[in-house]
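One structure is given below, encoded as structure tokens.
Just so it is clear, none of the values below were taken in a lab; they were calculated from the coordinates. Everything numeric in this text was worked out from a predicted model, so none of it was measured. Ideal geometry is used to build each Cβ from the backbone, glycine not excepted, and the neighbour counts take in all protein chains shown.
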Amino acid sequence: MTVLTDLRSEAAGRFATLGWPTPRVEEWRYTNLAPLQKIQWRVDDSRQSGESSASLAGQAALELVFVNGRHIAGENQYRGESEVHIADWERNALVALNAANQQDGARIEIPAGTVVDGFIHLLFIGRGDGIWSHPRNTIVVGKNAQVAIVETYVGTGTYFTNSVTEIVADESAVVDHYKIECESRDAFHIGSVFIRQERASNVTSRNIALGGALARTETHVALAGEGASITLDGLFVGAGSQHLDSRTVIDHLEPHCESFELYKGVLDDNARGVFDGKIIVRPDAQKTVSRQVNRNLLLSETAIVDSKPTLEIHNDDVKCNHGSTIGQIEQEPLFYLRSRGIGEEEARNLLVYAFASELVDRMKIEPVREQIRRALFQTLPQRMPERRGEAR
Amino acid sequence: MLEIKNLHAGIDGKEILKGLTLTINPGEVHAIMGPNGSGKSTLANVLAGRPRYVATSGEVLYEGKNLLELPPEERAREGVFLAMQYPVEIPGVNNIYFLKAALNAVRKHRGEEELDAMEFLQLAREKMKVVELDEAFMNRGVNEGFSGGEKKRNEIFQMAVLDPKLAILDETDSGLDIDALRIVAQGVNALRSEHHAVLVITHYQRLLRYLVPDFVHVLANGRIVKSGGKELAEELEQKGYDWIEEEVA
């Protein structure tokens, strides 16, 4: 207990020193947290129930439910005690803030050689105004172990979620990670994901951002063992005045590692999206293969996207390419659909969905895929035919 | 069914059709032939309402309605179908879903009941046989990864499902081998009836061997310069287009 208390006060001190990040800092150039600082946040002391339509209980191998940062349901049979410190709060103020106010979170450890059937669902529900929560998740996946983990963030009200998730993939571990941000349209969300991969491990981390007034997800990946492979899939769909920010850093530290990144953004109305993706290839990381793509679709004249792919390469023996595009709905496919009798609005929605579906179709967990499809239909500007997949 | 009167139209301010007049009655198959650049595809695109193609003067009446003021989807729902020269690939939009949505939009417009998934699949399977298209294609994205011939057959398949009153084929035959050509003709012939009309736009006479037209028109420099029966197509095939251009000049 005292260790934790010490850690908390140390982190609190660090946050006091760092302060809230401002757009003057390069990593926060496009995202201003000023609106978030105007609110006097408090921790929710009540114990609320965890009813939510986002629950995947019955479909998930294990579901842990948290309300306003408090664990309220689910018996964690994979509970582990390993100490993991890969979330860097020395330099990252929001991680320090999380550590200073740390609440419940999932501590999961998959023993070496264990393959978890199905998937583990971590459901975080935010409720009420002026409440903040600081969940801290630690996921340790042992040698040759395999697991799929889904974090879902939902809620109602003007609350603030500041989550930190640490994932360690040991040698040859296989991890399929989902972070689905469907927060209330009035909520703030900062999610920091830190991934460390050992030799020949294979991790996919999917970042879906649909909700929140202001939401940002940072994904930091350290490829720390030879032959490790990371896939980062991202999809952000914003409308109204939503601000959705995705920042990724992939650090190639060892030889023969590969990273594949595809982020897509769809912005309507006055929404703003940010993709800031950095790939670092260290001097020792020979034979690195890295591909990074960011594609964005703007549906209105006032929507904005800032796309900033960055490569930082410190050796010659690499295969890296990256690119970014920003476009509108293409006229040819739109005309094609309309020429067959489909109305303009529906045709547009179909094309938006088609743009996003590449990432949805790649998801391996059917109930999650379905949930994202439903959420996307709700997000699209007009009514979509509800059961799109029925004729498949 | 379709009355085109002195139509002037073009793209990006460039006039391509320069006073085209043509009448098509129910039950008729018309072929429009002409050299490259004569305005064949412009005619097809103007009739279907493709953006950027603008009619500057003249009139197009379809079943008595002013076709040119309808948006493309309304034209389709009224029974006009364009089999495109270059069908676009739309990854992520499922073929079968797309076609079901299209058919139901058309049916709704006609005051018919929408088909459910089972009814639609049954219809689709039946029509797929006519164009000899494999069912596996149906679960792919619209035209995604289709060969040129498969795309054209998919156009004819869509036409068969939507059952338009006026089908316009814009160089559907170009780039097809003889088998694909036969299949396309088979699909169009299956649609022929006293209520349906077909406008075949082509550069070559090949397709017209399988899909015998009632009338053949020659388009040159944005106008129909000669009309005749099916024998005119053969004449063009033998002599090329030069003699017509000379005759007209």
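Structure above, values below:
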read-out	value
Antiparallel %, DSSP beta bridges [both residues in chain B], to 5	60 percent
Prolate/oblate/rounded label for chain A (Cα gyration tensor, a/c 1.5)	rounded
Longest exposed-site-free window of chain A, the sites being GluC sites (Glu not before Pro) in a DSSP loop that have at most 14 other C-beta atoms within 10 Å	A:91-300
For A:PHE236, distant residues with modelled amide H under 5 Å away	A:ALA209, A:LYS264, A:GLY265, A:VAL266
Theoretical FRET efficiency, 1/(1+(r/R0)^6), r = Cβ-Cβ of B:HIS195 and A:ARG362, R0 41 Å, to 0.05	0.30
Local electrostatic count, B:LEU67, Cβ distance below 10 Å [Lys/Arg +1, Asp/Glu -1]	-4
Rel. contact order, % - alpha carbon contacts under 8 angstrom, at least six apart, chain A	9 percent
Estimated dipole of segment A:66-154 in Debye, rounded to 20 [Cβ of Lys and Arg +1, of Asp and Glu -1, Cα centre]	60 debye
Whole-Å semi-axes of the ellipsoid equivalent to segment A:240-392 (Cα gyration tensor, √5λ, descending)	34, 18, 14
Chain lengthening between B:GLU237 and B:ASP116 when straightened (0.36 nm per residue, less Cα-Cα)	38.9 nm
Candidates A:GLY327, A:GLY126, A:GLY234: whichever shows maximal mean-square fluctuation once chain A is modelled as a Gaussian network with Cα springs under 10 Å	A:GLY327
Cα→Cβ-extended label distance, 7 Å offset, between A:ASN270 and B:HIS109, nm	3.8 nm
Sparsely packed trypsin sites (Lys or Arg not before Pro) within segment A:35-119, loop by DSSP, other Cβ within 10 Å at most 10	A:LYS38, A:ARG47, A:ARG91
Exercise: per-residue mean of other protein chain Cβ atoms within 10 Å, B:47-53	3
Approximate spin-label separation B:VAL54-A:GLU27, in nm, with each point projected 7 Å along Cα-to-Cβ	5.3 nm
Size of segment A:30-81 as Cα extents on the principal axes (Å, biggest first)	40, 31, 30
Rounded to 10°, Cα long-axis angle of helix B:117-130 versus longest principal axis of chain B	50 degrees
For chain A, built as a Gaussian network whose Cα springs stay under 10 Å, the top-fluctuating residue of A:LEU97, A:LEU123, A:LEU33	A:LEU33
Contour excess over end-to-end distance, with Cα ends at A:THR310 and A:SER46 and 0.36 nm allotted per residue	90.6 nm
Diffusion constant of segment B:10-99 at 25 °C, which comes from Stokes-Einstein with the Kirkwood Cα-pair radius and 0.890 mPa s, µm²/s	165 µm²/s
Qualifying trypsin sites (Lys or Arg not before Pro) in segment A:293-362, DSSP loop, other Cβ atoms within 10 Å at most 14	A:ARG362
Angstrom value of the Kirkwood radius, inverse mean 1/r, which spans all Cα pairs in chain B	18.5 Å
Additional length obtainable on full extension of the chain from B:ALA136 to B:SER174, 0.36 nm per residue less Cα span	11.2 nm
Segment A:1-123: radius of gyration over Cα atoms, expressed as a fraction of 2.2 N^0.38 Å	1.28
Expected 222 nm ellipticity per residue - DSSP helices of 4 or more, -39500 (n - 2.57), all of chain A, to 500	-5500 deg cm²/dmol
Part-to-part distance (alpha-carbon centres) for segment B:214-237 and segment A:20-56, which is given in Å	72 Å
Scaled radius of gyration (Cα, divided by 2.2 N^0.38 Å) that segment B:146-249 gives	1.12
